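The values are calculated or read from the model by the stated rules, or taken from the named source; none is laboratory data. Fair warning: this is a prediction, and the values are worked out from it, not measured in the lab. Neighbour counts run over all protein chains shown; Cβ positions are idealised from the backbone, glycine included. Calculation scope for accessible area: heavy atoms of the full protein, side chains included, ligands and nucleic acids excluded. Shrake-Rupley method; radii C 1.70, N 1.55, O 1.52, S 1.80 Å.
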Amino acid sequence: MTKNDPYAALRYKEFNIFLIIRFAMVFAWSMQFVVIEWEVYSITKNPLSLGIIGLMEVIPAVSLALFAGHIVDQKEKKGLLLKCILGFSVISVGLFLLTWQVIVEDLSTQLTLYLIYFLVFLGGIVRAFLGPTIFSLFSLIIPKKVYPNAATWSSSVWQMGAVVGPAVAGFSIDGIGVHWSMLLIFGFSIIALTALSFIPKKPILNPKIGENVFESLKEGIRFVRKTKVVLSALTLDMIAVLFGGAVALLPIYAQDILKVGPEGFGILRAAPAVGALLIMFTSAYFPLNKNAGWKLLGAIFGFGVCVIVFGVSTIFWISVFALFMSGVTDGVSMIIRQTILQLKTPDHMRGRVASVNSMFVGSSNELGVFESGLTAKLFGTVTAVVFGGSMTLITVVITGLASPKFRKLDLRKDLEELEAQPD
C-alpha cells in the first residue's frame with residue numbers, strides 16, 4: 001500500500017462488502033423516509049405532519065441510543081447487524097401493505113396515518129442499534145493504517161445513499177407510485193442481507209464484558225466530553241443539521257412553490273446526490289486531513305448559505321444548483337467528521353461513541369425535520385428554511401470564535417502515526 005493510495009481501503013474484500021451493505025441500507029432508509037413523507041403530505045396537506053414523521057423516529061432513536069451503544073460494545077457485530085436489517089425489512093413490508101389500495105380502502109385516513117407513524121416509530125428503535133453496529137463493524141474489517149481512506153469512502157457512500165435514495169424516491173413515486181416504491185425499498189434490504197452473509201463473525205474487543213450498563217454508559221459519555229475535538233465536531237454538526245433541514249420541506253416546494261410535481265421533486269432530490277458523488281471521487285485523491293478544522297467550519301458555513309439560497313429561490317434551476325452545492329458541502333463535513341471519530345475513538349468504545357454521535361447528529365436530522373415542519377406551519381415555508389440556514393451560519397461563527405484549537409485542527413499527524421506503525 002502506498003502512502004497516498006486513494007484506493008487503499010478498497011483493496012480489502014470485506015470492506016467492499018461493507019460498502020455494499022452501508023449503501024443499500026442508507027439508500028433504502030432514505031428512500032423510505034421520502035416516500036412516506038410524500039404519502040403523508042399528500043394525505044394531510046399539513047406541513048406539521050412532515051414534522052411528526054421526524055419526531056416519531058427521533059424519540060426512540062434518542063431514548064435508546066446510549067443503551068444501544070452499550071449493547072453493541074458487548075455483543076458480536078455481525079449478528080446485531082443481521083437483526084437490524086431484518087427489523088428494517090419487516091417495517092418495509094408493513095409500509096408496503098399500508099400503501100396498498102386494496103388494504104387501505106377499508107381503513108380510515110386517520111387510522112392509516114397512525115399506523116404509518118407507528119411503523120416509523122419502530123424504525124427509530126431499529127436505527128438506534130443500526131448506526132453504532134455499522135460504526136463498530138467498520139473497525140473490525142480493515143487495518144488502522146487505512147482508517148482515514150476508509151472513512152472517506154464510507155462517508156461518501158453514506159452520503160450518496162442518503163441523497164440518491166431520496167432522488168430515486170422522487171422518480172419512483174412518479175413512475176411506479178408509492179406502493180411499488182416500497183417494494184423496491186424492501187429489495188435493497190434483501191441486497192444488504194445477502195451481502196452480510198459474506199462477512200464472517202468478528203471478535204468482541206471490549207475487555208469489560210458484563211460491565212454494569214450505567215458504568216458503561218458513563219464511561220462513553222466521559223470520553224466524548226473530555227475529547228474536545230470529538231465534542232466540538234459533534235456539537236457543530238448537530239446544530240447545523242438541526243436547523244438546516246430544508247430538504248424536509250421539499251414536498252411542499254415541489255408541489256406548492258416551484259410547482260414541478262413528482263418529476264421535479266426527483267430532480268431536486270437528485271441535486272445533492274450529484275454534489276456528494278463529486279466529493280466521493282475528489283476526496284479520495286485529495287484528502288481533507290490538512291487544516292481539517294477550517295475545512296469543516298467552511299463546509300458547514302457553505303451548507304447554511306446553500307439552504308438560504310434554496311429557501312428564497314422561486315426559479316427551479318437556481319434551487320437545483322443550491323441543493324447541488326449543499327450536497328458538496330455536506331459531503332465534506334461528513335467525511336471530516338467521520339475521520340475524526342474513527343481516528344480518535346478506541347476500539348472497545350466504538351459502540352458507545354457512535355451512539356453519542358447518533359444522538360448529536362443522526363437524530364438531529366429527524367429533529368430538524370420536526371423543527372422545519374413546525375416552523376413552516378407557524379411562520380411559512382420560506383421563512384422556516386431561511387431561519388434554519390441563518391441559524392447554521394450563526395452556529396459556525398460562534399464555534400469558530402469560541403474554539404481556536406478546533407480551527408487549527410490538522411489530522412495529518414494522526415495519519416502519520418498510523419503509517420509509522422508496523423504491519
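Residue-wise test of (1) over 16 Å from Val26 (Cα atoms); (2) open to solvent by 10 Å² or more (accessible area, probe 1.4 Å); (3) of a type in the set (A, V, I, L, M); (4) modelled with pLDDT under 85.
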residue	(1), (2), (3), (4)
Phe88	no, no, no, no
Leu98	yes, yes, yes, no
Leu115	yes, yes, yes, no
Leu137	no, no, yes, no
Lys145	yes, yes, no, yes
Ser189	no, no, no, no
Leu193	no, yes, yes, no
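When you check Phe18 against the structure, is it touching a Ser or Thr at 6+ places or on another chain (Cβ under 8 Å), buried (at least 24 other Cβ atoms within 10 Å of the Cβ) and at pLDDT 80 or above, yes or no?
Yes: the conditions hold for Phe18.
Residue check: is Lys78 more than 17 Å from the chain's Cα centre (by Cα) and either under 21 Å from Ile204 (Cβ atoms) or surrounded by 23 or more Cβ atoms within 10 Å (Cβ to Cβ) (or both)?
Taking the combined requirement at face value, the residue satisfies it.
Sort out which residues of the range 366-401 are among the small types (Gly, Ala, Ser) and at pLDDT 80 or above, and write them in order of number.
Looking only at the range 366-401, we keep the residues that are among the small types (Gly, Ala, Ser), and these are 368, 372-373, 376, 380, 384, 388-390, 400.
Across the range 366-401, the qualifying residues are Gly380, Ala384, Gly388, Gly389, Ser390, Gly400.
Taking the condition of being outside any loop (DSSP other than H, G, I, E, B) and either crowded, with 23+ Cβ neighbours inside 10 Å or hydrophobic (A, V, I, L, M, F, W, C) (or both), how many residues in the range 1-15 meet it?
Going through the range 1-15 one residue at a time, the tally reaches 3.
Collect the residues in the range 168-184 that are at pLDDT below 85 and buried (at least 24 other Cβ atoms within 10 Å of the Cβ), keeping them in residue-number order.
Correct list: Gly170 only.
Looking only at residues in the range 276-294 that are over 20 Å from the mean Cα position of the chain (by Cα) and without any contact (Cβ under 8 Å) to a residue 60 or more places away in the chain, which one is farthest from Pro166 (Cα to Cα)?
Checked the range 276-294; the qualifying residue farthest from Pro166 (Cα to Cα) is Phe286.
State all residues of the range 54-75 that are among the hydrophobic types (A, V, I, L, M, F, W, C) and open to solvent by 20 Å² or more (accessible area, probe 1.4 Å); if no residue qualifies, say none.
Listed by number, the residues that qualify are Leu55, Met56, Ile59, Val62, Leu64, Leu66, Phe67, Ile71.
Mind listing just one residue for me: the one in the range 280-301 that is assigned to a helix (DSSP H, G or I) and open to solvent by 20 Å² or more (accessible area, probe 1.4 Å) and, of those, nearest to Ser181 (Cα to Cα)?
If we take residues in the range 280-301 being assigned to a helix (DSSP H, G or I) and open to solvent by 20 Å² or more (accessible area, probe 1.4 Å), then Met280 is nearest to Ser181 (Cα to Cα).
Considering only the range 297-318, state which residues are closer than 18 Å to Ile257 by Cα and within 22 Å of the chain's Cα centre (by Cα).
Answer for the range 297-318, where residues must be closer than 18 Å to Ile257 by Cα and within 22 Å of the chain's Cα centre (by Cα): Cys306, Val307, Ile308, Phe310, Gly311.
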